[in-house]
1. When residues of region 236-281 are filtered for being of a type in the set (A, V, I, L, M, F, W, C), within 16 Å of the ligand (Cβ to nearest atom) and out of contact with any strand residue (DSSP E or B) (no Cβ under 6 Å at 6 or more places or on another chain), how many remain?
2. Quick check on region 140-148. Is at least one of its residues closer than 23 Å to CYS240 by Cα and within 13 Å of the ligand (Cβ to nearest atom)?
3. In region 201-216, which residue that is part of a loop (DSSP other than H, G, I, E, B) and closer than 24 Å to MET112 by Cα is farthest from the ligand (Cβ to nearest atom)?
4. For region 365-413, give me the residue count where each residue is under 23 Å from HIS249 (Cβ atoms) and either within 13 Å of the ligand (Cβ to nearest atom) or touching a residue at least 24 places away in the same chain (Cβ under 8 Å) (or both).
5. Across region 168-194, which residue is farthest from ALA117 (Cα to Cα) among those that are in a loop (DSSP other than H, G, I, E, B) and within 7 Å of the ligand (Cβ to nearest atom)?
6. Scan region 136-153 and report the pairs whose first residue is hydroxyl-bearing (Ser, Thr, Tyr) and whose second residue is surrounded by 19 or more Cβ atoms within 10 Å (Cβ to Cβ), with Cβ atoms within less than 8 Å and a gap of 6+ or a chain change.
7. The conditions are (1) within 15 Å of the ligand (Cβ to nearest atom); (2) buried (at least 22 other Cβ atoms within 10 Å of the Cβ), and VAL156 fails exactly one of them. Which is it?
8. From the residues in region 38-52 that are surrounded by fewer than 20 Cβ atoms within 10 Å (Cβ to Cβ) and free of Cβ contacts under 8 Å to residues at least 24 places away in the same chain, which one is nearest to VAL156 (Cα to Cα)?
Amino acid sequence: MAALDAAVAAGPAWAAYPPRERGEILRRAFETMIQRTDDLALLMTLEMGKPLAESRSEIVYAAEFLRWFSEEAVRIEGRYMTSPLGNGRILTMRQPVGPCLLITPWNFPMAMATRKAAPALAAGCTLVLKPAQQTPLCTLAFAAILEECGLPAGVVNVITSSQAGATTEPLLTDQRLRKLSFTGSTEVGRLLMGQAAGGLLRLSMELGGNAPFLVFEDADLDAAVEGAVLAKMRNGGEACTAANRFHVHEAVAGDFSQRLAKRLGAIKIGRGTEPGVELGPLIDAKQRDKVAELVQDAIDRGAQPLTGGRAVQTPGYFYEPTVLGQVSEGTRLLTEEIFGPVAPVISFASEQQAIAAANSTQYGLSAYMFTSDLKRAIRVAEALETGMIGLNQGIVSNAAAPFGGIKQSGFGREGGHEGIAEYLETKYIAVNMD
Ligand code: NAP
């Protein structure tokens, strides 16, 4: 509660800070984070296991949100217009929503923190930031950078806890809190929405995913395989945007599967700090066992492992990169979020069939599509029920773009011009000119 007290106390002064100065603090934090990329990447690898090269990429990605929103801080605009009858003026202004609670997961511990905190700070909000219990250190390092770059006391308050629910529920039911932004599982997101209902909090929900990866018969197969490696293996598959299932036209499914199996089979597995390692451990034993269970279910229903298919028998939570062919309908990993380095391949015969299969999920975060036919690309993009689509590329994340989902993947957008709007309210003044 002390964290919320501090955020509430610091609120009015931070909201009144000149936008340029808010932006300059964020800009200095961007530069500091980039200068410390190697140290912060090592911290991240030691804390949650991803290979150093991936940790470095995440630090750069995380820092980009600080740079982007340092630029957005000075572009918060209102409107002026004559009322339709001509006898009045309509003025609008945009103001910070107020104290926010930001809850982040462990899989991208730095980027999920900056993706929420940077727009909140740019908008003039103060905040309480709660990292996942597996990765508090990255968030604490981020908060220390903000402090060093001149952020006033009380504007950002980090709370670490091994009892998430008991820690956040009193905050969510406190009428002084005005907004919750959550990234994590759909299940916890639903629970938090219930708790936030009493205070009618503004909400942003970045939840789970089950991304389809579509390869049409006219795709450049080399590019599709490289895109698949990226979409599947970023963060070892522990990403909400990870390609969960590969729907490939029957004319190229065999070729695609073999090539993908060859690429994934050659990936070097090991501790994130070892040179040349491309795949680290999963986050914990529970996650490794869940991946093993999903693969076993697929094999029991007739799927063929083209590479991998087992946990690695060394200490740690390693699982082999796996490609499964001949996956049948009803297999659990087609509908559940895998969160591991497993690629099930299913073939389709027509565009209609591909779209129907892609959309047959409760989730709607991201999708990927490889085709060289522009008209098809537009047609399929319009039909896909997701918030984001990678067209002939295996990655969608970009600080300058609106990131977010639909259906059970949540609502709200982070990044882009939309990102700061999540932390602003619109106030309208009716001006009498009679
Ligand atoms: P999670 O269990 O939902 O946890 C996420 C965060 O919520 C953690 O900080 C966690 O704290 C906290 N939390 C858990 N139970 C809570 C409760 N009862 N009350 C308040 N806070 C609670 O998710 P996860 O398994 O760590 O993360 C993976 C999930 O995040 C996946 O489903 C993935 O798709 C999703 N994700 C989505 C996006 C996106 O942008 N859409 C991005 C990344 C990840 P503790 O660590 O203390 O439990």
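1. At the first step, the residues of region 236-281 found to be of a type in the set (A, V, I, L, M, F, W, C) are 239-240, 242-243, 246, 248, 251-253, 256, 260-261, 264, 266-267, 269, 277, 279.
Cutting the leftovers down to within 16 Å of the ligand (Cβ to nearest atom) gives us 239-240, 242-243.
When the remaining residues are screened for being out of contact with any strand residue (DSSP E or B) (no Cβ under 6 Å at 6 or more places or on another chain), the result is 239-240, 242.
Result for region 236-281: 3.
2. no
3. Initial filter on region 201-216 (part of a loop (DSSP other than H, G, I, E, B)): 201, 207-210, 216.
From what is left, the residues that are closer than 24 Å to MET112 by Cα are 201, 207-210.
Values: LEU201: 13, LEU207: 5, GLY208: 3, GLY209: 5, ASN210: 9 Å.
If we take residues in region 201-216 being part of a loop (DSSP other than H, G, I, E, B) and closer than 24 Å to MET112 by Cα, then LEU201 is farthest from the ligand (Cβ to nearest atom).
4. In the first step, residues of region 365-413 are kept if they are under 23 Å from HIS249 (Cβ atoms); the result is 366-386, 388-396.
Now restrict to residues that are either within 13 Å of the ligand (Cβ to nearest atom) or touching a residue at least 24 places away in the same chain (Cβ under 8 Å) (or both): 366-373, 376, 379-380, 383-386, 388, 390, 392-396.
So the count comes out to 22.
5. Going residue by residue through region 168-194, those that are in a loop (DSSP other than H, G, I, E, B) are 173-178, 184-185.
Still in the list and also within 7 Å of the ligand (Cβ to nearest atom): 184-185.
Working: GLY184: 16, SER185: 19 Å.
Restricting to residues being in a loop (DSSP other than H, G, I, E, B) and within 7 Å of the ligand (Cβ to nearest atom), the top hit is SER185.
6. From region 136-153, the pairs are THR139/THR104; THR139/PRO109; THR139/MET110; THR139/ALA113; THR139/LEU129; THR139/PRO131; THR139/VAL158.
7. Looking at each condition in turn, VAL156 falls short on (1).
8. Result: ASP39.
The values are calculated or read from the model by the stated rules, or taken from the named source; none is laboratory data. Bear in mind the structure is a predicted one, so any value in this text is a computation, not a measurement. Here Cβ is always computed from backbone atoms with ideal geometry, including for glycine, and neighbour counts include all displayed protein chains.
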